[in-house]
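Step one of this worksheet: look at the structure below.
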Amino acid sequence: MYVPPLPNGAGGRGDAAAGEQPRVYQVWRGSNEFFLQGRFIFGPDVRSVFLTMFLIVAPVVAFCVFVARHLMNDFPDSWGVSVMVVVVVFTVYDLTLLLCTSGRDPGIIPRNTHPPEPESIDGINDTGSQTPQQFRLPRTKEVVVNGISVRVKYCDTCMLYRPPRCSHCSICNNCVERFDHHCPWVGQCIGLRNYRFFYMFVFSTTLLCLYVFAFCWVYVIKIRDAEQLSIWKALLKTPASIVLIIYCFLCVWFVGGLSVFHLYLMSTNQTTYENFRYRYDRRDNPYNRGILNNFLEIFCTSIPPSKNNFRARVTVEQGLQQTRSQSRGFMSPNMGKPIGDLEMGRKPVPWDEPRTAADIRDLEAGLGGMFDEKEGRVAHASPDLSRDDLPVEFVEGRAGMHSRQSSWVHRSSDGAEAISVQMATARRS
């Protein structure tokens, strides 16, 4: 289960007096939105779900008012009533699939409270003494899937090696199992636990569009036959049918094309992310088990339970465990390299650029305070930056600093000492 850090004040006397700790969803470190006290989890773009609902409900309401209502008496044995009943039931079913897709955990992998065990130790400092141990994790690992070697990456955010087919979503800020894509129309990542509902939603929306499109034409033909008009004049008799026909025609190209594309992906056991990045048509797909077994895997296997209990209480011991783990000496596999990941969609920047800029500002402030401009003399000597006088936490936290920074500090301290000697000589003369 995911164990987030305690917020400020959590686990203090106030909470102890209340006898309750915050729940996991209240201190969740991803970008998700929660409803009904953590029972539903959405992506940060949850508002797009309401737009999707409107795009489904609005044309159905127009169809019931301007088309289906007039067809109720045009079919024998009350079959006309079924036209409206079917479209209403099918719309409710479609909206249910939408909520099942967007309101559930897509397969988020819990973040680790500390990095995994290291495999190598970086060595010796300039003076020959042993530095605090710095652990560097390999950037990738090789695992075997169905006899084929697959490379998995280390996630710096979640502090874990991603399982095969897992990727980190830059929008939700979570690692998701069998990551397919992040769908802005449902406001959620599509992964292992909601891909089935996503495809059923897209396919049912396609059928709903075809249903409304077909019965709009049925109503136009009824008008043409009843009034002995041409098809164009019959269309002018029902402007609502014209709008619905055009709307459904455009939507079918979108949701219908998406249904066909994902039908191909399921038949070959690929995800959208894998199809655009790895191109399995150029090499073997380790997950392809045959067309029939691929479809059975999607629709007939049980959905695994969520690995996150969003309503669980965060205990004080869990928060302290994560606080201690953050003080360990650790070097990310990205340290000293530009940080950038196609899955995260971030612009590569040097890992030490923000820290270097902060150190330069601190250095300038330190040198500026050494000289008293009013009296024209040295106010105080250069501070001692030896490891013996610094707290252990500071030494461990700064042990991975780039070598250029230490050279800047040495040069600046040497310059300060030279200036002090020159001023002392000038006073004696």
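The values are calculated or read from the model by the stated rules, or taken from the named source; none is laboratory data. All figures in this text were calculated on a predicted structure; none of them were measured in a lab. Cβ: placed from backbone, ideal geometry, glycine included. Neighbour counts: every protein chain shown. These area figures cover heavy atoms from the full protein model, side chains too; ligands, DNA and RNA do not enter into them. Shrake-Rupley method; radii C 1.70, N 1.55, O 1.52, S 1.80 Å.
When the residues THR268, THR91, THR315 are ordered by accessible surface, computed with a 1.4 Å probe over the protein chains alone, the sequence from largest down reads THR315, THR268, THR91. If you add up the charges near CYS100, with Lys and Arg at +1 and Asp and Glu at -1, over every other residue whose beta carbon is less than 14 angstrom from its beta carbon, what do you get? Value of the local net charge: +2. Label separation (VAL81 vs THR140): 6.4 nm, computed from points 7 Å beyond Cα along the C-beta direction. Under the shape rule built on the C-alpha gyration tensor, where the axes satisfy a ≥ b ≥ c, the range 159-240 is prolate, since a/c reaches at least 1.5 and a/b is greater than b/c. Note on LEU210 and ASP74: the extension gain reaches 46.9 nm, defined as 0.36 nm multiplied by sequence separation minus the Cα-Cα distance. Each label was represented as a point 7 Å from its Cα along the Cα-to-Cβ direction; for SER267 and VAL61 these points are 4.0 nm apart. Summary of packing: across the peptides 303-314, 193-204, the per-residue average of other C-beta atoms within 10 Å ranks them, highest first, as 193-204, 303-314.
Positive contributions from Lys and Arg (+1) and negative ones from Asp and Glu (-1), summed over other residues with Cβ under 12 Å from the Cβ of LYS222, come out at -1.
Charged neighbours of ILE109, selected by a Cβ distance under 9 Å, balance to +2 (K, R count +1; D, E count -1). Backbone N atoms of the range 238-262 closer than 17 Å to the 7 Å Cα→Cβ label point of ILE291 belong to residues 260-262.
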